[in-house]
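Notes for the one structure printed next.
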Amino acid sequence: MNPTIYGPYLWILTVLLVGRVVGQLIVARWAPRWLPPMEQWQSGLLPYPLLVAGQAIVLTLMIWISMDFSRGAGFWVRPMPALGLAALWWSYLYFGAMVVRYIVRMVRRPDQRWLGGTIPIIFHSLVAIFQWLFGTYHASWR
């Protein structure tokens, strides 16, 4: 299987997450009115500095993976069927958890239907899709 086929899709998901992190940083620093307020960008489960550190780690990994897939060479494109299967199962659980999270949020906060507070849910879902693509590539080597 040609890994470069996955490259553009992985990059799109990576760039979208970069946009989310940059938007969140702008809101945290300057709070412009043209972007949603901070409470829309994070659930509050993690202190903001810890959240940004985690996002930086995830983005670094996503960029590295995307680069390897675009080049068709590197650590992340070497066939790893077991990792691929694990990534697929994790992506299903992760995406499913985001569906449940959305439903719970909409039940608890009917005043914010349909999109209120969904920025974290949407972007976690995009990370799950990234993991699904990664897993699909690797699992195909079984």
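The values are calculated or read from the model by the stated rules, or taken from the named source; none is laboratory data. Please read all numbers here as calculations on a predicted model, not as lab measurements. Cβ coordinates were reconstructed from backbone atoms using ideal geometry, including for glycine residues, and neighbour counts include every protein chain displayed.
The table that follows gives values for the structure above.
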quantity	calculated
Any pair with Cβ under 7 angstrom, 6 or more apart, that starts in the stretch 50-74 at a residue that is of a type in the set (Asp, Glu) and ends at one that is surrounded by 13 or more Cβ atoms within 10 Å (Cβ to Cβ) and part of a helix (DSSP H, G or I)	Asp68/Trp76; Asp68/Val77
Residue check, Leu93 in a helix (DSSP H, G or I), at pLDDT 95 or above, loosely packed, with under 13 Cβ neighbours inside 10 Å and not small (Gly, Ala, Ser)	yes
Filter pass, Trp41 being closer than 22 Å to Tyr9 by Cα, surrounded by 13 or more Cβ atoms within 10 Å (Cβ to Cβ) and among the aromatic types (Phe, Trp, Tyr)	no
Restricting the stretch 1-53 to residues that are among the hydrophobic types (A, V, I, L, M, F, W, C) and in a loop (DSSP other than H, G, I, E, B), the residue that is modelled with the lowest pLDDT	Leu45
The stretch 87-118, residues that are farther than 19 Å from Met62 by Cα and in contact with a Phe, Trp or Tyr (Cβ under 8 Å, 6 or more places away or on another chain)	Met106, Thr118
Count of the stretch 55-71 residues which are within 12 Å of the chain's Cα centre (by Cα) and among the charged types (D, E, K, R)	0
Within the stretch 100-128, considering residues that are assigned to a loop (DSSP other than H, G, I, E, B) and not aliphatic (A, V, I, L, M), the one surrounded by the fewest Cβ atoms within 10 Å (Cβ to Cβ)	Trp114
